[in-house]
Amino acid sequence: MDNTKQYLSQEKYEELRQELANLKMVERKEVAETLEFAKSLGDLSENAEYHEARDKQVDIEDRILAIEEILKNGVIVSNKHHGGKIQIGSTVVLKKAGESAVEYTIVGSEEADIQAGKISHQSPIGEALIGLEKGSEVTVNAPRGSIVYSVVDIK
């Protein structure tokens, strides 16, 4: 896997484009207006509103740069699996001995959300699953020790 690429679903790609547009067209203007107002209040060295607005401006500009980099290196993946092997975009059903099955979707790091069942392809389990087929067993070296999973299904 190429670590410079950002793997995104079409939905996440569109979400990031919308966030970028909002940051550039709305939030940049709002913070600029806030800065102008804060400057009009006088002494900038003790002007809390000015410093807060400057911090927000830095945060907005940092996020804009980060999103632009993600979109520039973005590769849109589908959720279809090809050839029966797990890849980014695959939804897999896994089972640990003595426990009920769990379902995860393998996604790029920008989309990872364990609560929503989305795990990064760069996580220990994501890395271990890439390339496996239905019926495979894999040992994942997790922070709490080794865990053996069986691949029950790939969707």
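Any read-out appearing in this document is the output of simple, stated calculations on the displayed coordinates, not a laboratory observation. Please read all numbers here as calculations on a predicted model, not as lab measurements. Here the Cβ is made from the backbone with ideal geometry for all residues, glycine too, and neighbour counts use every protein chain on show.
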Note the listed values (i) 8.4; (ii) 7.7; (iii) 12.0, then indicate which one is mean projected area of the Cα convex hull in nm² calculated from this particular structure. (iii)
DSSP-defined beta bridges in region 91-154 - what % are antiparallel, rounded to 5: 85
If R0 = 35 Å, then GLN115 and ASN47, at their Cβ-Cβ distance, give a FRET efficiency to the nearest 0.05 of 0.30
So for each of 21-29, 138-146 I average, over its residues, the number of other beta carbons within 10 Å; can you give me the resulting order with the highest mean first? 21-29, 138-146
Estimated inter-spin distance, GLU99 and GLN18, nm [label 7 Å along Cα→Cβ]: 3.4
Average Cα contact separation per residue, the chain, under 8 Å, 6 or more apart, as relative contact order %: 23
Just list whichever of LYS12/LYS85; LYS56/LYS118; LYS85/LYS134; LYS24/LYS56; LYS96/LYS134; LYS95/LYS118 have alpha carbons separated by over 18 Å in the model shown. LYS12/LYS85; LYS56/LYS118
If you count, for each residue, the other Cβ atoms within 10 Å and average over each peptide, how do 127-135, 37-45 line up from highest to lowest? 127-135, 37-45
